[in-house]
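The values are calculated or read from the model by the stated rules, or taken from the named source; none is laboratory data. Everything quoted here is computed from the prediction, not taken from an experiment. Don't worry about glycine lacking a Cβ; one is built from the backbone with ideal geometry, like all the others, and counts go over all protein chains shown. Remember, those area values only see protein heavy atoms, side chains included, never the ligands or the DNA or RNA. Shrake-Rupley method; radii C 1.70, N 1.55, O 1.52, S 1.80 Å.
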Amino acid sequence: MTELRDLNTSGYSPDWCPGCGNFGILTALKRALVQLKLNPKDVLVVAGIGCSSKLPQWINTFGFHGVHGRGLPVGMGAKIANKKLHVIVIGGDGDVFGEGMNHFIHSLRKNINVTLLVHDNQIYGLTKGQTSPTTMHGDKTSSSPGGNMDDPINPIALAVAQRTSYVARSFSGDMDHLTNTIADAIAFKGFAFVDIFQVCVSFNKHNTFPWFKERIYDLQKKGYKPDNQEKAFKKSLEGWDKIPIGVFYKEEKPLYEEEHPVLKRTPLVKQKIDNISIKKLMDKFC
Ligand code: SF4
């Protein structure tokens, strides 16, 4: 059985700022993998670039630290090659909704069984506090000293509008909610997106821990059921006086990797390639 200590990396500690919400997300992810009794060798954690994207270095699973905004295509490619792997893609709000927005939108409409966890701290932290796609209107940042003139992206509304199979939000400061949401998202059969509000203690002085604590409420504790797209869309527009967390929308749909005529037979990595001539292939392209 997997225990928390099996997921720790020896000799390396995260270099995040003390008090950063990334610590909570890393711990919750480890706890979720233990809760699901997943063997670390069956898990791949893929990330792009940013403070959050350093996470694969500090969890003892397979990992891949890629380029900016490209965690999703790498993760989806890995899942297509080996559908038995549990693939978790990590990114920040800048990485996923800025540099990687194109991949985000298209991943919402392909139902590949991958879990996307966005560490949404509403700022570019690694590069010292520039405005990100989810920075609130009017917030002063190092790149918008007079206040952000743009409206923030609403990633939950985008995902619900696309009828994404699993759409949830959680908070790095609520360990039980976050652990259970991540575990539920990983266990869900289909593309699962969790937007995680995360405090950046160094550069986001507006969306702080007390700011979230005052506003956040649990959808499921209020009896909300995530089975209606219209209701979910309406709920996704709520904020900022009250911020709902929990599962907004859930719907089981056919999986890409189970419908595709080649992929559905066996994982690509297990398929025989003896009859493929690499030389002929190379000659064709060279
Ligand atoms: Fe965390 Fe912000 Fe520090 Fe990055 S800059 S490690 S997001 S507190």
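Near L126, the amide H atoms lying under 5 Å from its own belong to C51; only residues 5 or more places off or on other chains count, and H is placed 1.01 Å from N.
About the Cα centre of the chain, what is the dipole size in debye to 20, counting +1 per Lys and Arg Cβ and -1 per Asp and Glu Cβ, all else neutral?
The calculated dipole for the chain is roughly 820 debye.
Ordered from highest to lowest accessible area with the whole protein assembly present and a 1.4 Å probe, D184, D150, D120 read as D150, D184, D120. Taking amide H positions as modeled 1.01 Å from N, with prolines and chain starts lacking one, the residues under 5 Å from V89 and 5 or more places away or on another chain are V46, T115, L116, L117.
Subtracting the Cα-Cα distance of N102 and W240 from their residue separation scaled by 0.36 nm leaves 47.1 nm. Could you state the number of Å between the C-alpha centres of the stretch 122-185 and the stretch 1-30? Using only Cα atoms to place each centre, the spacing works out to 21 Å. Would you mind getting me the FRET efficiency between R109 and N82? Use the beta-carbon distance for r and R0 = 25 Å, nearest 0.05. Once the sixth-power term is evaluated, E becomes 0.65.
Annotation: the antiparallel percentage among DSSP beta bridges lying fully within the chain is about 15.
Scalar couplings 3J(HN,Hα) for the stretch 129-137, obtained by applying the Karplus form with A = 6.51, B = -1.76, C = 1.60 to θ = phi - 60°, are x, 7, 4, 10, x, 10, 4, 5, 4 Hz; x denotes Gly and Pro. Atom-type composition of the exposed protein surface of the chain places 55 percent of the accessible area on carbon and sulfur (1.4 angstrom probe). Applied to the stretch 148-162, the Karplus parametrisation 6.51 cos²θ - 1.76 cosθ + 1.60 on θ = phi - 60° returns per-residue 3J(HN,Hα) values of 5, 8, 9, 7, x, 5, 10, x, 5, 4, 4, 5, 5, 4, 8 Hz, with x for Gly and Pro.
Please identify every one of the chymotrypsin sites (Phe, Trp or Tyr not before Pro) in the stretch 222-270 that sits in a loop by DSSP and has no more than 14 other beta carbons within 10 Å of its own beta carbon.
Numbers: sites: Y224, F233, W240, F248, Y249, Y256; in loops: Y224, W240.
Qualifying residues, ordered by number: W240.
Accessible surface for the chain, divided over its residues, is 49 Å² per residue with a 1.4 Å probe.
Computed over the stretch 104-195, the convex hull of the alpha-carbon atoms projects to a mean area of 6.5 nm². The helix-only estimate of mean residue ellipticity at 222 nm for the chain, built from DSSP H runs of length n ≥ 4 each weighted as -39500 (n - 2.57), is -8000 deg cm²/dmol after division by the residue total. Around K83, what is the net charge, scoring Lys/Arg as +1 and Asp/Glu as -1 over all other residues with Cβ under 13 Å from its Cβ? For residues surrounding K83, the net value is +2. Were the residues from N8 through T27 laid out at 0.36 nm apart, the gain over their Cα-Cα distance would be 5.9 nm.
Once you have the alpha carbon radius of gyration of the chain, what is it after dividing by 2.2 N^0.38 Å, with N set to its residue count? List each step's numbers first, then the result.
On the way: Rg = 19.3 Å, N = 286, 2.2 N^0.38 = 18.9 Å.
Compared with the compact-globule rule of thumb, the chain sits at 1.02.
Counted residue by residue at 0.36 nm each, then reduced by the alpha carbon distance between them, the extension gain from C286 to E258 reaches 6.7 nm.
In this rough spin-label picture, where each label sits 7 Å from Cα along the Cβ direction, the K272-C17 distance is 5.8 nm.
Less than 5 angstrom separates the built amide H of I112 from those of F191, Y256, all sequence-distant by 5 or more or on a different chain. Each residue of the stretch 51-65 was assigned a 3J(HN,Hα) from its phi angle through the Karplus curve 6.51 cos²θ - 1.76 cosθ + 1.60 (θ = phi - 60°); the sequence is 4, 4, 6, 7, 3, x, 6, 10, 9, 8, 10, 5, x, 8, 10 Hz, with glycine and proline shown as x.
Largest accessible area first, the listed residues T61, T27 line up as T27, T61 when surface is computed with a 1.4 Å probe on the assembled protein chains.
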